[in-house]
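Notes follow once the structure below has been shown.
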Amino acid sequence: MACLAAAASAEAGAAPKTVCTVTINSSDERDVFQRRLPRDEYQFVELVQRGNSDWLNSACQRGVTCDALIISGHFDDGTEFYTDRFDDKEFLTVHEMQRASCSASCSGLFAQLKEVYLFGCNTLKSEPRHIASAEVARSLVRTGHSQADAERVAALLNDRYGQSNRDRLRHVFKDVPVLYGFSSKAPLGRTAGPLLERYFQSAPSGEVAGGRSSPSLLSLFAPSSMIAVAGLTDADPHAGFRRDMCGLADDRPSDTQKLVFVHEVLRRDVTEVRMFLDHIERYAASIGPAQRLVPEVAAALGAIEGDRRTRDRFIEFARDADEAAVQTRMMALARTLGWLSPAQERSEFLHMIADRMARGSLGRTEVDLACTNHHDRDADLARRLLATGAPHAGNVTHSAVLACLGSAEAHARTLHALTSPRDEEVSIAQAYLRHRPLANVVELRTVTWDIARMTASGAQVRALETLAKQRLADPQSLQEIARLFPLARSLEVQRAIAGILIRADTTLLPRADLARSLRQHRLKSPDGNDVIEVLIRLLQSA
């Protein structure tokens with residue numbers, strides 16, 4: 001009895017456990033924990049500081065340590081926690097979390113964690129984000145592996161470098177006994193809050209931050225795909241990958257040391273380099289002009305640039321990449337590392353585009369790449385591409401790529417495709433105009449006129465939605481769109497028209513007449529209020 005009393009006394013005098021919260025979107029989950037946990041046993045620290053975008057680093061510098069961590073935010077694509085609120089722009093990237101996890105300057109924040117609650121969709125999703133694609137297996141065969149052995153090695157690469165959401169967060173929260181999260185869709189805060197209330201009605205005292213998963217919590221959230229896993233440990237078969245990742249994310253090594261490490265990675269089998277590409281290109285892009293002038297850094301970069309054998313293997317692999325985006329990224333990295341000049345990089349891009357044109361494998365991805373990587377519209381690139389004989393004037397995707405590169409003729413053909421009866425051609429024109437908005441009022445009026453006379457409902461809706469993103473401010477074009485509303489025989493077309501008008505400057509139109517036309521001719525909506533109703537109210541209030 002004396003021993004029990006002493007233990008109780010010691011526990012009563014123990015410092016309260018610290019629950020750190022990262023409230024990106026909903027505060028429902030945090031509020032329930034804060035309301036239901038005894039104040040003499042738990043203290044709360046909100047890490048997010050509104051108005052300070054560097055709040056995670058600020059928490060590191062303040063020496064905050066956490067026994068439990070609650071992160072609330074959307075996490076659909078697995079790169080960051082974010083909010084859907086228009087009045088708030090807070091977010092937390094996985095890269096920031098990796099830096100905090102790997103760096104000595106922030107070792108305390110996650111060092112004593114016993115539990116992490118990840119309230120976001122797909123936080124513990126197990127599907128790999130990166131797959132060893134066909135070029136990986138082809139490269140392995142070229143270096144002497146049999147087909148069966150190449151497939152086996154590719155599977156191992158997927159296992160090590162796949163970087164599923166689950167793996168990435170297990171790496172961040174190394175050695176943490178319990179990570180709660182969701183393998184697919186997670187409940188919104190307004191649903192999660194009441195479930196947590198039910199949990200706390202029967203939760204044992206001291207269970208939170210106790211370092212053991214709760215069967216009752218998992219049972220309550222099981223219909224919403226909640227699971228619990230442990231953080232990575234040094235005994236994990238893939239602990240080496242975390243060490244590699246930390247080699248670049250850690251803020252302790254100097255730039256020279258990191259570049260020596262990058263060179264070591266680049267000298268590995270190029271298939272392994274491909275799977276580690278994200279981390280290498282992120283670090284390489286972070287080296288600014290001033291850093292490059294430091295003698296030790298310049299020497300380390302010079303050693304990489306002069307490694308012709310590694311360079312040739314890298315370029316050969318990049319040229320064989322199945323995905324145009326991967327090839328473009330690898331060539332951009334080659335330029336950053338001094339392996340390609342800017343002119344050589346452009347030549348590689350043109351060769352890739354011509355080859356894909358000839359093979360009939362050009363699509364929206366290549367249009368996006370041509371527009372984003374060549375925003376200066378160098379018409380000479382378009383002429384060089386035409387000289388290869390690969391482009392065909394009748395192919396809208398070919399025209400869109402040429403237009404991105406600066407061809408005026410291809411630009412006109414691509415605009416005309418916006419009113420094509422074929423959905424796939426409208427889609428390509430839509431992708432092009434996302435990068436090259438209409439700036440010429442004559443073109444805008446011509447496109448508006450042509451859209452108003454389209455007969456295919458689906459293609460017309462898509463063309464109208466494209467026009468909405470141009471934010472019309474031309475009275476003649478707006479009048480043409482407004483005249484189309486009473487003639488529309490599809491609710492989807494009417495909604496698309498309303499989507500244009502609600503974004504436009506309606507002071508350029510007779511508002512009372514427009515509101516009357518909308519009320520009189522609108523088709524009945526089975527869904528209740530929609531964008532048409534919102535537009536009517538806005539016009540009436542004005």
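Here, each number is a calculation from the coordinates, and none is a lab measurement. Everything numeric here is computed off the predicted structure, so don't read it as measured data. Cβ coordinates were reconstructed from backbone atoms using ideal geometry, including for glycine residues, and neighbour counts include every protein chain displayed.
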Practice problem: Show me 320-327, 494-501 ranked by packing, highest mean number of other Cβ atoms within 10 Å first. | Solution: 494-501, 320-327
Quiz prompt | Column: log10 I(q)/I(0), Debye, Cα scatterers of the chain, q = 0.10 Å⁻¹ | solution = -1.07
Quiz item: For LYS524, LYS17, what ranking results if the residue with the fewest other Cβ atoms within 10 Å of its Cβ goes first?
Solution: LYS524, LYS17
Exercise. Just rank TYR117, TYR283, fewest to most, by other beta-carbon atoms within 10 angstrom.
Key: TYR283, TYR117
Quiz item: So how much slack lies between ARG319 and TRP449, counting 0.36 nm per residue of separation and subtracting their Cα-Cα distance, in nm?
Solution: 42.4 nm
Quiz item: Which of TRP55, TRP339 comes first, and how do the rest follow, when ranked by fewest Cβ neighbours within 10 Å?
Solution: TRP55, TRP339
Quiz item: If r is the Cβ-Cβ distance from THR191 to GLN344 and R0 is 56 Å, what FRET efficiency results, to the nearest 0.05?
Solution: 0.55
Quiz item: Any idea how far the Cα center of region 396-436 sits from the one of region 512-530, in Å?
Solution: 33
Quiz prompt | At 1.567 mPa s and 4 °C, Stokes diffusion of region 467-542 via Kirkwood alpha-carbon radius, µm² per second | solution = 106
Practice problem: For region 121-223, count all C-alpha to C-alpha pairs, find those more than 23 Å apart, and express that count as a whole percent of the total. | Solution: 48
Practice problem: Mark the label point 7 Å from the Cα of ARG471 along Cα→Cβ and return the residues of region 496-535 whose backbone N is within less than 11 Å of it. | Solution: 503-505
Quiz item: Pairs LYS17/LYS89; LYS89/LYS125; LYS114/LYS174; LYS114/LYS258: which exceed 22 Å Cα-Cα?
Solution: LYS17/LYS89; LYS89/LYS125; LYS114/LYS258
